[in-house]
Amino acid sequence: MSASILNRESWLQEAVGILEPIFSAVGYGIPPLKVSCGFAASSSPRTTLGQCWPRERSGDLVNEIFISPKIDDPVEVLDTLVHEICHAIDDCQSGHGVDFQGIAKSLG
């Protein structure tokens, strides 16, 4: 990644661009999305590492992904980002069901 990255959001957005060919190689394009750091809006913000919101809940009609700022290991951050991008691909429709599992398994 470039040395000019100034914050986590920039790092995450650049990571999405680097991940795009990996998703495309297995037949899944990454939809337009926003990625930022933030605590999950759930009953377990201490244990939730990431969250993807469906397009209908965004003013810009794009998936919005939040990665917990508590994660500081880059590998864990990328793992969480990939997981949340899998949710964005099906617009959060299948939870962790069969469609989500198919997307995730195709990535290895």
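Data table
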| item | result |
| --- | --- |
| Search result, residues across segment 54-65 that are at pLDDT below 95 and surrounded by 21 or more Cβ atoms within 10 Å (Cβ to Cβ) | none |
| Hits in segment 83-107 - residues which are aliphatic (A, V, I, L, M) and surrounded by 19 or more Cβ atoms within 10 Å (Cβ to Cβ) | I85, A88, I89, I103 |
| Residues of segment 64-80 classified as of a type in the set (A, V, I, L, M, F, W, C) and either assigned to a helix (DSSP H, G or I) or over 23 Å from D91 (Cα atoms) (or both), total | 4 |
| Residue identified as in a loop (DSSP other than H, G, I, E, B) and polar (S, T, N, Q) among S94, S36, S24 | S94 |
| Candidates C52, C92 - the one that is on the phi > 0 side of the Ramachandran plot and in contact with a strand residue (DSSP E or B) (Cβ under 9 Å, 6 or more places away or on another chain) | C92 |
| Restricting segment 38-91 to residues that are more than 11 Å from the chain's Cα centre (by Cα) and hydrophobic (A, V, I, L, M, F, W, C), the residue that is nearest to N7 (Cα to Cα) | I71 |
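The values are calculated or read from the model by the stated rules, or taken from the named source; none is laboratory data. In this text, all values refer to a predicted model and were calculated from it rather than measured experimentally. Backbone-built Cβ (ideal geometry, glycine too); neighbour counts: all protein chains shown.
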